[in-house]
1. Please sort 357-369, 304-316 by packing, taking for each peptide the average over its residues of neighbouring beta carbons within 10 angstrom, highest first.
2. Placing one identical point scatterer on every Cα of the stretch 155-216 and ignoring solvent, what is log10 I(q)/I(0) from the Debye formula at q = 0.15, 0.25, 0.30 Å⁻¹?
3. Relative contact order for the stretch 242-342 using alpha-carbon pairs under 8 Å, separation at least 6, rounded to a whole percent?
4. In vacuum, with every alpha carbon of the stretch 185-324 counted as one equal point scatterer, what does the Debye formula give for log10 I(q)/I(0) at q = 0.19 Å⁻¹? Two decimals, please.
5. For the chain, find the longest principal axis of its Cα atoms and tell me its angle to the long axis of helix 91-100, 0 to 90°, nearest 10.
6. Taking the Cβ-Cβ separation of ARG161 and ALA99 as r and a Förster radius of 30 Å, what is the calculated FRET efficiency to the nearest 0.05?
7. To the nearest 20 Debye, how big is the dipole of the stretch 247-396 about its Cα centre, given +1 on the beta carbon of each Lys and Arg and -1 on that of each Asp and Glu?
8. Highest GNM mean-square fluctuation, the chain, Cα pairs closer than 10 Å: which of MET188, MET69, MET336?
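The numbers here are math on the coordinates, done by the rules we state, and not lab data. As the structure is a prediction and not an experimental result, all values here were calculated from the model. Please note: Cβ atoms are built from the backbone with ideal geometry, for glycine as well, and neighbour counts cover all protein chains shown.
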Amino acid sequence: MPKAAMHRPVDPTTLSARARPGPLDETDHLAGGRLTVDLAALAANWRSLAARAAPAETAGVVKGDGYGMGLEAATGTLADAGCRTFFTATIAEALRAKAVVPEAAVYVLNGFPPGAAGLVADADLRPVLGSLEEVEDWAGLGRSRGRAFPSALHVDTGMNRLGLARDVAVAVAGRADLRPHLGLSLLMSHLACADTPEHPLNARQLAAFSAARALFPGVPASLANSAATLALPDTHFDLVRPGIAVYGGQAVVGRANPMRPVATLEGRIIKIREADAGDSVGYGAAETLGRRSRLAVVGIGYADGFPRAAGSSDTTGGASGWIAGHRVRLVGRVSMDLLVYDVTDVPPDLARRGDWIELFGTHVPVDDVAARAGTIGYEILTQLGRRFDRDTVGRA
Ligand SMILES: *Cc1c(COP(=O)(O)O)cnc(C)c1O
C-alpha cells in the first residue's frame, strides 16, 4: 500500500476528496484518521460474484454513496470490471452514476415523485416502478411521447415495502392502457431474509416471484441481493444485484465471509499513557482497569462515524482494533473525537505516538465492530464521517 512520499502544498479543503499519493504525504498530519478504500478488492469481489452468478448478469449497487466508499469511484471501478447495469436509491445518485458511465443502464430503486417522470426519462435513467401511481405516471409519459421508456417493475413478494401487491400486478399485466407503454426491461423483487438462507420466507418469496414472472413473459427477471447471490442459487434468474458483498461486508449470517475487505479505517495514536489497576477510563467511568495498563489514545470518535455503541464497559466488551500483529481491545466509552485501546501486550516500540491502529478493515472485519455495536457492517460503512483522510488505492 505505501508508495513513495511526494511533497506538495497542503490544501485542507480538498482533504476528504483527493486521492492521496501515499501515507507519507504531509497532509497525514491534518486528520486524526485515514480511510483506505481498496478499489482492486472492490473489483475482485465483483468479479468473484459475477463468476458465481454466471450465466446470469451481475449488476452493481452503488446507493448510499457506494456503501460509503464513494459513488463515482465505485461506479467507475465496477464499469472497468465489466459491470453494465447499476442500481441507486435516488435520482440524484443515479445522475452521478450516469455521469461516470453514460452507456450503462442505471436503475433508480426508489422510483420518482409526482411530476418527475419526464426528468427521469430525459436523463436516460430507468425507474424501478414500485406503486400503481408510478406505473400510471410512467405509462402516461410513454403514451404522451409516443414511445415507451425503459423501466423495471417491482413486484412485492413479502417485504411489504416497495413493489406492487400481487392483485395490482395482475391488473397491470392485463391493462392494455398501461402494459405496452411501460418499456419493461426488468421484473424484480427483493428478499427480506436472504442473509438467513434457511428462513422459510425465502421459499415463499421465490414461489411468489415465479408466479409474477408468468404475468410478464419475456421480461428479464431479478431477485437476488448479495446473500442470495452467495447462498441461494435458485434466485439468480437473469440479473443479480449484490451490494454489501462487493464492498467486502458480510452478507450471509453465520458463514465465513469469502469477500476481500475494501475499507480500512485507521486512527493515529495521539499519546501513550499508563494507568493503574482500579483506575477508570473515559466518560462515565464506564470501565475500570483490572491491571496496570498501557493505553493508546487514538484521534477518532463517533464524530467520524465510529459507533458509540461499540465502546466497552465493566459489563460489556467492546470492539477490538489491530496494531503490528496484535489485536487490542477498546477500553471505556467511545468519545466524540477519541478512542482508547489497551496496548499493554504490544511491545512498546510497536505502539508509539504517531503510529496507526486499525479500527476495522484488513485485520478486523467491519462486521465484528458492527456486532459489538449491535448493528450491521452496512450501517458503519454508509455512516463513515468526512473528517478523516480518504485514500483511494488500487484503481486499475
Ligand atoms: C440494497 C439493495 C440491494 C443490495 O443489497 P445487499 O444486501 O447490499 O446485497 C439489492 N436490491 C435492492 C432492491 C436493494 O435495495
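1. Taking the mean over residues of other Cβ atoms within 10 Å, the ranking is 357-369, 304-316.
2. Taken in order of the listed q values, log10 I(q)/I(0) reads -0.47, -1.06, -1.34.
3. Relative CO of the stretch 242-342 lands at 23 percent.
4. -1.09
5. So the helix axis and the longest Cα principal axis differ by about 80 degrees.
6. So the FRET efficiency works out to roughly 0.60.
7. The dipole magnitude comes to about 220 debye.
8. MET336
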